[in-house]
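J.: Quick one: the structure is below, and I'll ask about it shortly.
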Amino acid sequence: MTELEDVLCCPICHGELKKEVPIDTQGKKREGKVGGEEKSRSSHLNCVECGRWFPLFQGIPMMLPDHQMNLKGEELNTMFQNPPGIAQRRTKRMAWYYDTPRKVGGIEEGCREDFGYGDLDGWVLDIGAGDRQALESLERVDQYVSIDVIPRDRPTVVADAHALPFSERTFDGVIARAVLEHVEDEQKVVSEVSRILKPGGLFMFSAPFIYPIHDAVDHHRFTIYSLRSLADRHDFEIMRITSTGGYFGLLAQHVYFGLRMIRDHIDTRFERKPLLRKVLRFFTDLTGMVIYFPFYLLRPLDGVYREMARNVQGRIPFVKGYGGVFRKRE
Ligand SMILES: [Zn+2]
């Protein structure tokens with residue numbers, strides 16, 4: 001049976017890796033393409049092709065293509081935090097504002113067959129796995145491998161999606177939930193996914209179109225056209241593309257997102273003036289409800305709106321985001 005060690009390779013040259021035990025530090029410096037602090041080096045992975053080495057951080061292989069980043073370990077967690085001013089905690093009270101457009105959605109392209117993560121089997125790679133939410137729906141999987149650029153949630157491997165440290169044709173399925181918008185070069189990432197998938201393997205992803213700029217870095221938005229071209233350029237056949245969101249739901253959502261920022265600001269700015277904070281929050285919520293409510297009431301028309309748009313334009317212009325299932329060509 002294949003083990004993770006057998007498929008893990010150098011993210012740069014795809015050379016084989018050898019696990020090496022700690023070497024003594026009495027002036028024995030290794031000759032390699034990459035230098036580094038020799039003294040702190042414990043057990044590590046060594047590329048037999050190019051000589052680069054990759055440390056283990058609390059047992060997690062650090063396989064980022066940038067050697068200096070691999071040495072940062074814990075520090076990476078803080079490097080990829082949200083910028084200041086973006087609150088981490090959310091107020092429950094406004095939960096009913098959230099996610100309304102998700103209720104409307106449908107197939108934009110491909111078959112009507114209901115694909116879900118549950119359809120994946122064999123070896124599955126979860127890119128940008130975070131706290132591994134996808135794992136709950138994976139039932140038939142032999143090996144689940146998660147990667148992330150930070151070690152915080154203890155991924156199987158710390159890796160960068162632009163340079164995956166896996167041999168070609170390793171995986172039967174790849175998941176990228178809300179990841180493609182955050183990578184610098186989405187073409188490179190999808191070509192890497194294509195490389196490591198077996199022929200016939202499935203790539204399941206979601207990506208936003210009308211959605212506020214979010215998280216530490218946010219590079220792209222996608223449309224039905226960019227998704228088609230991604231599939232085409234990287235040897236995939238489109239099994240299905242779904243979209244969520246409708247006109248009124250999206251308007252409602254944006255009232256919510258805008259107000260949430262104002263609310264977060266009030267909470268931080270007037271932390272020590274509870275009375276003033278309460279008054280300001282009250283007026284923010286009141287304004288929010290007055291603007292929000294008409295759109296909220298009109299949401300049931302979003303299904304009709306989507307049908308109409310499809311008939312008139314042959315496409316749906318107001319989309320919150322897409323979900324895709326691509327299949328690697330044989
Ligand atoms: Zn190498």
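None of the figures in this text is laboratory data; all of them are computed from the coordinates on show. Please read all numbers here as calculations on a predicted model, not as lab measurements. Heads up, the Cβs are rebuilt from the backbone with ideal geometry, glycines too, and the neighbour counts pull from every protein chain shown.
J.: Per 10 Å bin from zero, what fraction in whole % of the C-alpha pairs of the chain is there, up to the bin with the longest pair?
T.: That works out to 5, 22, 27, 23, 14, 7, 2, 0, in percent per bin.
J.: Amide H of Arg169 versus every other amide H placed in the peptide plane: which residues, excluding those fewer than 5 positions away on the same chain, fall under 5 Å?
T.: Under 5 Å from the amide H of Arg169 lie the amide H atoms of Ile196, Leu197, each far enough along the sequence or on another chain.
J.: Can you give the FRET efficiency for Asp142 and Cys50, using 1/(1 + (r/R0)^6), R0 = 22 Å, r = Cβ-Cβ distance, to the nearest 0.05? Mind dumping the intermediate values first?
T.: Details: r = 30 Å, r/R0 = 1.38.
The computed FRET efficiency comes out at 0.15.
J.: Return Val217, Val145, Val193 ranked ascending by Cβ neighbour count within 10 Å, so the fewest neighbours appear first. It would help to have the intermediate numbers written out before the result.
T.: Values: Val217 13, Val145 22, Val193 26.
Least to most surrounded, the residues fall as Val217, Val145, Val193.
J.: Another question about this same structure. Can you list the residues, at least 5 places off or on another chain, whose amide H is less than 5 Å from the amide H of Arg240, using H built in the peptide plane?
T.: Amide H neighbours of Arg240: Val325.
J.: Using a 10 Å cut-off on Cβ atoms, rank the peptides 114-123, 235-244 from the highest mean neighbour count down.
T.: Values: 114-123: 16.2, 235-244: 19.3.
Most protected by this proxy first, the peptides run 235-244, 114-123.
J.: Using only DSSP helix segments of four residues or longer, with each worth -39500 (n - 2.57), what per-residue ellipticity at 222 nm results for the chain after dividing by its residue count and rounding to 500? Don't jump to the answer; show the numbers that get you there.
T.: Details: 8 runs with 94 residues, N = 330.
My calculation for the chain gives -9000 deg cm²/dmol from helical runs alone.
J.: Something else now. Taking the Cβ-Cβ separation of Arg152 and Val290 as r and a Förster radius of 35 Å, what is the calculated FRET efficiency to the nearest 0.05?
T.: On the way: r = 40 Å, r/R0 = 1.15.
Working from the Cβ atoms, E equals 0.30.
J.: While we're on this one: How long is the gain from Ser167 to His265 if the chain were fully straight, where each residue apart is worth 0.36 nm and the alpha carbon distance is subtracted?
T.: Details: separation 98, 0.36 × 98 = 35.28 nm, distance 4.67 nm.
Full-extension gain reported as 30.6 nm.
J.: On to the next question. Convert each backbone phi in segment 284-290 into a coupling constant with the Karplus relation 6.51 cos²θ - 1.76 cosθ + 1.60 (shift: θ = phi - 60°), then list the ³J(HN,Hα) values in order as whole Hz, x for Gly and Pro.
T.: 5, 4, 4, 4, x, 5, 4
J.: Could you order the peptides 185-191, 305-311, 174-180 from most to least packed, using the average number of other C-beta atoms within 10 Å per residue?
T.: Top to bottom by mean Cβ count within 10 Å: 174-180, 185-191, 305-311.
J.: Right, here's the next one. Suppose each label sits 7 Å from its Cα in the direction of the beta carbon; what would the Asp66-Lys18 distance come out to in nanometres?
T.: Each label point is offset 7 Å from its Cα along the Cβ direction, giving 3.0 nm.
J.: Related question: Rounded to whole Å, give me the distance from the Cα center of segment 139-197 to that of segment 226-274.
T.: First find each Cα centre; the distance between them is then 23 Å.
J.: Run through every distinct alpha carbon pair of segment 252-330 and return the Kirkwood hydrodynamic radius in angstroms, one decimal place. Write out the running numbers ahead of the final one.
T.: Values: mean 1/r = 0.0630 Å⁻¹.
Hydrodynamic radius (Kirkwood, Cα only) of segment 252-330 equals 15.9 Å.
J.: Still on this structure, please answer the following. Once you have the Cα-Cα distance between Glu184 and Val279, take 0.36 nm times their residue separation minus that, and quote the gain in nm to one decimal.
T.: On the way: separation 95, 0.36 × 95 = 34.20 nm, distance 4.19 nm.
That pair, Glu184 and Val279, stretches by 30.0 nm at full extension.
J.: Assuming R0 = 30 Å, what is the FRET efficiency of Asp119 and Thr2, from their Cβ-Cβ distance, to the nearest 0.05? Show your work: numbers first, answer last.
T.: Values: r = 21 Å, r/R0 = 0.71.
After rounding to 0.05, the efficiency reads 0.90.
J.: How do 147-160, 7-20 rank on mean C-beta neighbours within 10 Å, highest first?
T.: Details: 147-160: 20.6, 7-20: 17.9.
Ranked by mean Cβ neighbours within 10 Å, highest first: 147-160, 7-20.
J.: Moving on. Once you list every other residue whose beta carbon is under 12 Å from the beta carbon of Asp160, what net charge do they have if Lys and Arg are +1 and Asp and Glu are -1?
T.: Working: positive: Lys188; negative: Asp66, Asp148, Glu184, Asp185, Glu192.
Local charge sum for Asp160: -4.
J.: Please tell me the relative contact order of the chain in percent, rounded to the nearest whole number, where contacts are Cα pairs under 8 Å and at least six residues apart. Spell out each step's value before the answer.
T.: Numbers: 595 pairs, mean separation 62.0, N = 330.
Once normalised by length, the contact order is 19 percent.
J.: Once phi is turned into θ = phi - 60°, what whole-Hz ³J(HN,Hα) does the Karplus curve with 6.51, -1.76 and 1.60 give for every residue of segment 199-204, x standing for Gly and Pro?
T.: My calculation for segment 199-204 gives x, x, x, 9, 10, 10 Hz in order.
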